[in-house]
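Here's the structure, in structure tokens; my notes come after.
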Amino acid sequence: MVKVVKRNGNIEDFDEEKFKMSVFNAARDAGYDENKALEISEEVLEFVLDSIKDLETVDSESLRNLVLNKLDADYQEIAKKWREFESAKKDNL
């Protein structure tokens, strides 16, 4: 299991379900129905898992970049919603 180094320095197991839900929610916000949003979230998860399979740890910023690179290439409207969520989250901190 790959470990994720968070921005605050904490180390956690990579949580596949949490990851999939974040992509799923962005896809739903972008207008995709549940089935397509689930399909996309699984596709992005597979891409990320394949990209980090040889690593013991990965920092959260690298994960973010992997996700956004994939979404920018294939699902620009979902990438936009992901960024909007990040921006809103930062505003609430």
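Three principal axis extents of segment 29-72 based on alpha-carbon atoms, in descending order, are 35, 16, 13 Å. The base-10 log of I(q)/I(0) for segment 43-93, evaluated at q = 0.25, 0.32 Å⁻¹, reads -0.97, -1.19 [Debye formula, identical scatterers on Cα atoms, solvent excluded]. Derived scalar couplings between HN and Hα for segment 15-26 equal 9, 4, 5, 4, 4, 4, 5, 5, 5, 4, 5, 5 Hz in order, rounded to whole Hz, by the Karplus curve 6.51 cos²θ - 1.76 cosθ + 1.60 (θ = phi - 60°), x for Gly and Pro. Close amide H partners of VAL2, meaning residues 5 or more places away or on another chain with modelled amide H under 5 Å apart, are PHE14.
Over all distinct Cα pairs, what is the inverse of the mean 1/r for the chain, reported as the Kirkwood hydrodynamic radius in Å? Numbers along the way, then the final one.
Values: mean 1/r = 0.0738 Å⁻¹.
Evaluated over the chain, this radius sits at 13.6 Å.
With all protein chains in place and a 1.4 Å probe, the accessible surface of the chain carries 46 percent carbon and sulfur.
The values are calculated or read from the model by the stated rules, or taken from the named source; none is laboratory data. As the structure is a prediction and not an experimental result, all values here were calculated from the model. The protein model used for the area step is the full one, side chains on, heavy atoms only, and it has no ligands, DNA or RNA in it. Shrake-Rupley method; radii C 1.70, N 1.55, O 1.52, S 1.80 Å.
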